[in-house]
Every structure is written in structure tokens, then in C-alpha cells.
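Q: Next up is a structure, given as C-alpha cells.
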Amino acid sequence: MTAQPHIFKRLVLRLEPSSPDRIIQLAVELAKLLHLELLGLFLEDPSLRHLAAIPFVRELRPLEGGWHAIDLDQLNHDFGVALRNAERLFGEAAKDLTTRHQFEVIRQAAAQAIASISRSGDIVMITQPSTPAGRAIEQFSWPLDAAFQSAAAVMVVPARIARLAGAVVAVAVAPDDPSIRAAADIAIAAGEDLVIVHAHEENGDDTGTRKLAADTGLTIKQVFTGKASRSDSAACVEAFRHVEERLVVMTRGIFAPELALSIASSRRVPVLLTASSVDAPRSQ
């Protein structure tokens, strides 16, 4: 199988003080697989320092007996430790990458940083918090919204990943859905099978699929679910519940972000939402 040029050029990983090693390793493996540049983005939100400078602001420390003033010196120290740890982990994980990789500190709110950094050809990787409460708070929802409003593709990564090998699934709303080509490129690079979940009514002509299989040598399985699965995550997931997939690819702008989040949580695999334009230029 021969990998085709694809639209992706750079992977942007949002790093946090609590970013698990396995998430950083996943980003490195994906960058290696698709020959992407890798940007590790450590976000230091200045609003917390501004908040700490307000005299009457307090933080709750249950182990220390209640509410206390925010210690700005301790806050600065904690930021420094977290930054150095993140840079060390990123550097160790990315040291063998043959593509360009960079660790960068951005002193902006997460949503602003993602909006200013991301561009067409990027994949912005955002990790879901491990709890429903964590997924509801602004520290997760604002960066996610900014990523979806940018020109970049967005990869939602669950806090716990079920597997690192397996088929690549494309959820398509038309026979020529861009997600199919994107998923095929990734499946070729990974040496995996391709599963196409057709979330539309057109199921009579599979000429395009046969041609794709002939051109690439991919083993392709097709599942037809109808239009209902476009908005129903349970119906969508049911279509490939017997598949041991490593990644789900969908077209951004057609599926609601909530559907991608639900699939990532229930299947415990990354979900990549690609650009919707079939005319997106391919990198050379």
C-alpha cells in the first residue's frame, strides 16, 4: 500500500501540568506516522496571576482547614515546576522524531492561544478530562470551542485510550465524504484496515469504494446506518461496536461536536474531525 500526500502538516498538542505521559506519546506516534511537525503548547493563563493579586480573593484548601489567600510566590513556583516537567516529558518523547518538533510557552488564555496559533493543515489535539464534571468546566469547553472555530482539524482524545492498534473508521455522510480519503491515508500509513460507516441513504453503488480498495490495496469493510446516526451517537457507535478501531474520522461542520465527544468517551479512542472542503489542497 502506498501512502498518499495528505492535508495535515502539523500536530498541535495542548500540554497541561497534568498531561499524562501516554497522551504525549500518542501525539509523538501520530506525528511519526503521518510525518507531521509537532508543537507542544504549554499554556500559562495570566488570569490566574491577576486573580491572585486581588487582596480579597481566597482559595479553598480542605486539607489546610478552609479558605486561604492565594500565595503568588507559591503559584509562580508551581507554574515553573509544571513547565519544566512538561518540557522534559515532551523532549524525551519527541527526541527520535525526524520531523521538526518544538515546545512553546504561550501566556494567554487557552481559547485565545489556540485561536492565534492554529492554522489550516494543523491537527489540534485536545484531551478530554477524565470526569463528566471536568468535561463541563470552562477550562475544557473554551479551548475546544476555539479549536472548532479555527481552520485546523480537531482531534478529541479520551482520558483513557482503549487501544493503539486497529482499524481506522470513517463516518461518512456521502459516498465522496472527505473523511473517507483522510481515514484511508491514515489506515495506509498505519498498515490497518479501513471501515466506512455510511450515515446516509445511498447504498446502491460502491464503485468509489472498490476503486479506493484497488488503488490503495486497503481492506475495506462497509456498514450502512442511514441518516439517523448523524445525530444519534448510540446508533453511530452501534454500527462499529464489533470493530476494534484505533481512530474514528469524521467531517467537521456536518457532525455536532457533541457527537464526536460522545464517541470518544464511549469507544475510548481518538476522534478526528477533518476539514469539510473536498477541495482542500494536499501538501507536497
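Q: Only one residue in LEU39, LEU34 is touching a strand residue (DSSP E or B) at 6+ places or on another chain (Cβ under 6 Å), closer than 21 Å to PRO270 by Cβ and modelled with pLDDT of 85 or more. Which one? Talk me through it step by step, then tell me what you get.
A: Numbers: LEU34 fails: touching a strand residue (DSSP E or B) at 6+ places or on another chain (Cβ under 6 Å).
After applying the criteria, what remains is LEU39.
Q: Any residue in the range 115-134 that is surrounded by 14 or more Cβ atoms within 10 Å (Cβ to Cβ) and part of a loop (DSSP other than H, G, I, E, B) sitting within a Cβ distance under 8 Å of a residue that is at pLDDT below 70 and of a type in the set (A, V, I, L, M)? List the pairs, counting only those 6 or more apart or interchain.
A: SER120/ALA280; PRO129/ILE137
Q: Is the range 92-109 home to any residue that is at pLDDT 80 or above, of a type in the set (D, E, K, R), out of contact with any strand residue (DSSP E or B) (no Cβ under 7 Å at 6 or more places or on another chain) and surrounded by 13 or more Cβ atoms within 10 Å (Cβ to Cβ)?
A: Checked the range 92-109: at least one residue is at pLDDT 80 or above, of a type in the set (D, E, K, R), out of contact with any strand residue (DSSP E or B) (no Cβ under 7 Å at 6 or more places or on another chain) and surrounded by 13 or more Cβ atoms within 10 Å (Cβ to Cβ).
Q: With the condition being without any contact (Cβ under 8 Å) to a residue 60 or more places away in the chain, I'd like the strands (runs of 3 or more DSSP E) fully within the range 171-262 carrying at least 1 qualifying residues.
A: Strands (runs of 3 or more DSSP E) meeting the threshold: 194-198, 220-224.
The values are calculated or read from the model by the stated rules, or taken from the named source; none is laboratory data. In this text the structure is predicted, and so the values were computed from the model without any measurement. Glycine gets a Cβ as well: all are built from the backbone with ideal geometry, and neighbour counts include every protein chain shown.
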